[in-house]
């Protein structure tokens, strides 16, 4: 067995040894929102009458904040490094370098916790305390790059975007090239989520900051859009292989533009929505809670609370 397969098997074994939480965005109550704006990480309290933001970084190179399982820490990327800090912005440490970005926490196990991240188009894993990073995908160059990983709550799966090639076999950037992939860390197999409209009418491309697992870990949620102005929040059930429309909207001629969507720890839906042509502020909507204006970003995450 090669080094990569031994590591993937070891990761799968570790995360399956311990009791697992209910949520992929780690189940619990919805707490604060961490988001990136103008190259820095901020947090804002939700479910309160006041819109109290707090800026945690000041380097103008930070993005992609993600809460740890217990909500006490944040991971983010900054200038090619993955950084972990306490929820109040203190106790920072660099856990990965060399073009590392887009971190996501693993579930906590009896053997600790890790972070998956992207480097040179492949996925890598590093201990949350820092140490040697190990590569777990090797198809980045052949597939034109993997990005935006998320871990399932049982620790068995990773989902991520894979960028493909055009009809002539050339790599090209843009949402039209993206496909959602699920990697089974136990069997080393990959599943490409079918690119289907699921009764919505054809859509043209994928969007959103990341594909995300739902609370039970059996479904993958992603944002799909069309060039005819419509968007849909889609869920793909890995057991039944069926798609479900969770939310939908229309963004032309006065409709709202959805930038991003994800399931929250409590099971609510979190979305960032902008009014048409800048006539309305950017809003963050979580269940019945809504606050505007928002500093709008495609990288945000909701804090899990016990």
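Throughout, read-outs are computed from the coordinates displayed, never taken from laboratory work. Since we're looking at a predicted model, the values are computed, not measured. Heads up, the Cβs are rebuilt from the backbone with ideal geometry, glycines too, and the neighbour counts pull from every protein chain shown.
Brief remarks follow.
- Taking the Cα atoms of segment 42-124, the ratio Rg/Rh between the radius of gyration and the Kirkwood radius comes to 1.00.
- Between segment 143-165 and segment 83-123, the Cα center-to-center distance that results, in Å: 15
- If you wrap the tightest convex hull around every Cα atom of segment 124-198 and split its volume per residue, you get 124 Å³.
- Base-10 log of normalised Debye intensity for segment 104-146 (one unit scatterer per alpha-carbon) at q = 0.19, 0.22 Å⁻¹: -0.56, -0.69
- Each peptide in 176-188, 70-82 was scored by the mean count of other Cβ atoms within 10 Å over its residues; highest first, the order is 70-82, 176-188.
- For segment 26-75, the alpha carbon positions stretch 31, 26, 13 Å along the principal axes, listed from largest to smallest.
- Overall Cα dimensions of segment 215-263, principal axis frame, Å, largest first: 38, 17, 12
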